[in-house]
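First up is the structure itself, then whatever we jot down about it.
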Amino acid sequence: MKRSAENLDPRIAQRLKRNEQGLVAVIVQQYDTDEVLMLAWMDDEALRRTLESRRATYWSRSRQEYWRKGDTSGHVQHVKSIQIDCDGDALLMKVDQIGAACHTGTHSCFEAGGTIQ
């Protein structure tokens, strides 16, 4: 299913290399500590909404719908900056995280997962 945003700046849209589902990976970091909080997915419309509102909006691959971080949990991500990597296939988004970033209730999704080595 390909979703698109008519209002996403074409200069941004042309730089993105999306996967077969039209998605790009987003690494989310706390802006003032650089702590990695989570990995999520965006399509053009989620990115457009994020840029417009300065609140993180993602595409849920499991629910097949958009979700704005914090609308149900109150754990909001205020976007400080978004960078695109050299290949255009990943974004780095720095946020001010209010509350837990992970759906398990931990501050970081990588806290919840634990160390494997």
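The values are calculated or read from the model by the stated rules, or taken from the named source; none is laboratory data. All values derive from a computational prediction rather than experimental measurement. In this analysis, Cβ positions are derived from the backbone assuming ideal geometry, glycine residues included, and neighbour counts consider all displayed protein chains. Areas reflect the complete protein model, heavy atoms only, side chains present, ligands, DNA and RNA absent. Shrake-Rupley method; radii C 1.70, N 1.55, O 1.52, S 1.80 Å.
How much accessible surface does Ile84 have with a 1.4 Å probe, in Å² rounded to 10?
Here the accessible area works out near 50 Å².
Looking at the chain as a GNM with Cα springs under 10 Å, which of Glu35, Glu45, Glu20 has the largest mean-square fluctuation?
Among Glu35, Glu45, Glu20, the largest mean-square fluctuation in the Gaussian network model of the chain belongs to Glu20.
Take every Cα pair under 8 Å in the stretch 40-112 that's 6+ residues apart, average their separations, divide by the length, and report that relative contact order as a whole percent.
19 percent
Please find the FRET efficiency linking Ser62 to Asp32, where r is the Cβ-Cβ separation and R0 is fixed at 25 Å, and quote it to the nearest 0.05.
With R0 = 25 Å, the Cβ-Cβ based efficiency is 0.25.
Hey, can you find the accessible area per residue of the stretch 12-67 for me, probe 1.4 Å, expressed in square angstrom?
53 Å²
What does the chain give for Rg and for Dmax, in Å, if only its C-alpha atoms count?
In Å, with Rg to one decimal and Dmax whole: 13.8, 44.
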